[in-house]
Structure formats: structure tokens, C-alpha cells
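The block underneath contains the structure these notes are about, expressed in C-alpha cells.
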Amino acid sequence: MGRASARSELVSLLDGIDVEVDGSRPWDPRVHDARFFQRVLSQGSLGLGESYMDGWWDCDDLDELFFRVLSSRLPDRTRPPARLLFEVARARLLNMQTRRRSRRVADFHYDLRTDLWQAVLGRSMAYTCAYWRDATSLDEAQEHKLDLVCRKLQLRPSDRVLDLGSGWGAFARFAGERVGCHIDSVNIAGNQVRFSRDFCKGLPVRVHHCDYREVEVYNPEGRPYDAVLALGLGEHIGPRNYASFLRLAEGQLVDRGLLMMHHVASITSRTTADPWLERYIFPGAVPPSVAQLSQAMEPTFVMEDWHNFGADYHPTLRAWSRNFEDWAQTEPAGVERRFRRMWRYYLLSLAGAFRSRRALQLHQIVVSKGGSLGYRSLR
């Protein structure tokens, strides 16, 4: 396809959703390089994101642009690039979330410099969707989320909790302080492990540097837990591993114990991630669908509660974006231009995606091993 015809096709598609190339409104993209149109049509989301990082186009309101694009299901009306078809075929043949491959996202994303994460995430250090009901700030909304997790898991001071993929220690610190239960936190990201150990110092928390599948490391005595939590891990498990993950959780739970999974979810069953997010942010991450997880849960787990508060990810991502820009502006050594554009694109494109409600959701699921006696939903 020639450059002129590529421009004509993309301009026509965008006109249909009230987005004008080189228009004057905040959500209108301004194109600085004529190669942009061919790159987007031939490479899809990867070309769109990379061309933004390269400075080929700008937009004052990326959130609104992506809200409009995804609300209209525009990507469904374009031809899938050949690279995406290759990735789909590869994912069907290979397990893209093996132990070795799972370390890529830790090295690539979670082990970025700690001061960046402290600036972006705020006081809680929680890198998962906040719960904004009755909250007016990110810190307050994250505290509401962590409190909701504790209440849904019905935690008591005597409980033992297995916290898989524990991040920066947000839940472990909160539950250790507020409830006093004993927590084994498991994480493969070295930077997060070091931070968590200091963050949770003096609390009944043990932080283990290993993959969640290495049960012999974090529970060598084989003693079952009262609750298992996967807060932000579900995206990294992978479609080929949902059943084995749930069997692992079952094996670590007491009879009638509770498992919570809190994760980004897809409205369709997928085997591959978005190509741009796969390359630059979350290698190997695939949001699970309702169908994929519900099938894997049979016949062991009883569904107790399935809560979707995906709309809350929009204000969470907007808050992270503001915090990131503040950090980047005040960083004495400066922030590399392409890295800054990559993070801006990452946070605001996803903000628009969650706001649209057409692409991504946030699911918080509670299931019990064999049925919990007297469990009541909090809503």
C-alpha cells in the first residue's frame, strides 16, 4: 500500500469516530512523519505505540483518543498484521509463561529503579487497581482496596496467608499491621523482594525470592494456608497454566479455605498479549477471560464472589500518570525522552481502554476449596 492510500484509509477510519488527523481538539492526533500511516496499518498496535515513542505523532489527550478508538471497536475493523498472526500461532504451540520466561517481566519492568515506583504508586506501593468507592485520593483508594481484600478473605489474626506475586509488599504490610495474620509473600523480582523485606520489617511477614511454582522453597513443611491471594498475578500465569495454578492453590489451602484472584481480565479468551505491551511493558502477560478461568476452576472450587470494578482502573491509571509526569519533571538527572513517552503512552492508552469498558476489565474473584460455610458477599 502506498503512502497516500495508507493516509487516506486511516484518515477515513478515524473520521468515522470523530477523530481528525491534524485537527485542533485535544484528542486529535498531530502527525509529524508521513510514514506514520503505513506503519500503523501494517504493524497495528505495535506500530502505533512505537511511532509515538519515536515522536512521529502527538496527542494532547491520549486517554480520550483511546477511549474513542476502543469504544467504537475500530481495531476490529482493520486487518490484523502478519506479525500478530505469527504470535497467535506461536502461543498455541508453546507455553509462553514457563518459569524461565516468567522472569523476563521482572527483569524488564518490575526491577526498574525504586524511586520511580515510589513516586508513581504513592504511600501504599500497590501496583494494582485501586478501589475508588468513597475515596478522593490514590492513597485512600488503595487503602480501600487492601481493606476490601482482607474483608473478602475474612482474615483473622491467627490465619496463615500465602501471597503469590506479592509486588512491593502492599498487601503484606497492610494485612500484617491491620489484621496481624502471618503471611508468606512470594516474588521473582529481586528489586521488589528487597524493598518488601524492608517495607514489612517487624511484621509477621516472610518474603521469599522465588517463582510461585517453587512450593518447596516457601512452604517446605507442606503446612496448608487459610487463604491464598494472587493480587496482580493472574495476568502473568498464562492460558496454558490456569489449571495447574489452581491445582497448586488447592494444594496449599486448608479444606474450605479461600482463594482470591485480582487481575486485569479480557472480555474474550486470548492466547497472546497486545504486541506493544508485550514488547515494552509486560512480556508474556495475557489477561484471562471469564470462560478460561471458570473452566479451569472445575470441579474443585466453589464460586463465592466475582466482582468487576474495571471502571476504577481509569482513575487509578490517571493518578499514576500524573505522579509519573511529576517525577519526570523533577528528576535531577533528567528522564530519557523515549522512555518518558513510552510510559505516558502506556498509562494513558490503558486509561482510555479501561474507560471504554470494551477491551479490559478488572476482576476480583473469591473461590473456596469445597465450599465456605456461611460465606457472604460484601456487596
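The values are calculated or read from the model by the stated rules, or taken from the named source; none is laboratory data. Bear in mind the structure is a predicted one, so any value in this text is a computation, not a measurement. Counting neighbours? That spans all protein chains shown, and the Cβs are built from the backbone with ideal geometry, glycine included.
Assess whether Gly55 counts as being of a type in the set (Gly, Ala, Ser), closer than 16 Å to Arg341 by Cα, modelled with pLDDT of 95 or more and touching a His at 6+ places or on another chain (Cβ under 7 Å).
Details: of a type in the set (Gly, Ala, Ser): yes; closer than 16 Å to Arg341 by Cα: yes; modelled with pLDDT of 95 or more: yes; touching a His at 6+ places or on another chain (Cβ under 7 Å): yes.
For Gly55, the condition - of a type in the set (Gly, Ala, Ser), closer than 16 Å to Arg341 by Cα, modelled with pLDDT of 95 or more and touching a His at 6+ places or on another chain (Cβ under 7 Å) - is met.
For region 318-335, indicate whether the set of residues that are under 28 Å from Asn241 (Cα atoms), touching a residue at least 24 places away in the same chain (Cβ under 8 Å) and surrounded by 17 or more Cβ atoms within 10 Å (Cβ to Cβ) is non-empty.
The initial filter retains those residues of region 318-335 that are under 28 Å from Asn241 (Cα atoms), namely none.
Within region 318-335 (the criterion being under 28 Å from Asn241 (Cα atoms), touching a residue at least 24 places away in the same chain (Cβ under 8 Å) and surrounded by 17 or more Cβ atoms within 10 Å (Cβ to Cβ)), the answer is no, since none of the residues qualifies.
If you check Ser185 against the conditions, is it touching a residue at least 12 places away in the same chain (Cβ under 8 Å) and assigned to a helix (DSSP H, G or I)? So that I can check it myself, show each step before the final result.
Values: touching a residue at least 12 places away in the same chain (Cβ under 8 Å): yes; assigned to a helix (DSSP H, G or I): no.
In short, no.
Sort through Val215, Val264, Val286, Val228 and tell me the only one that's over 22 Å from Ile365 (Cα atoms), crowded, with 16+ Cβ neighbours inside 10 Å and assigned by TED's automatic domain parsing to the domain that holds Tyr131.
Numbers: Val264 fails: over 22 Å from Ile365 (Cα atoms); Val286 fails: over 22 Å from Ile365 (Cα atoms); Val228 fails: over 22 Å from Ile365 (Cα atoms).
Val215 is the lone residue from the list that is over 22 Å from Ile365 (Cα atoms), crowded, with 16+ Cβ neighbours inside 10 Å and assigned by TED's automatic domain parsing to the domain that holds Tyr131.
Report, by residue number, each residue of region 358-379 that is in contact (Cβ under 8 Å) with a residue 60 or more places away in the chain and among the charged types (D, E, K, R).
Initial filter on region 358-379 (in contact (Cβ under 8 Å) with a residue 60 or more places away in the chain): 358-373, 375, 377-379.
Selection gives Arg358, Lys369, Arg379.
Looking at (1) modelled with pLDDT under 95; (2) within 13 Å of the chain's Cα centre (by Cα); (3) among the aliphatic types (A, V, I, L, M), which one does Ala333 not meet, given that it meets all the others?
That leaves (2) as the condition not met.
Which number in (1) in the same structural domain as Leu253 (by TED's automatic domain parsing); (2) polar (S, T, N, Q); (3) outside any strand (DSSP E or B) marks the one condition that Gln361 misses?
(3)
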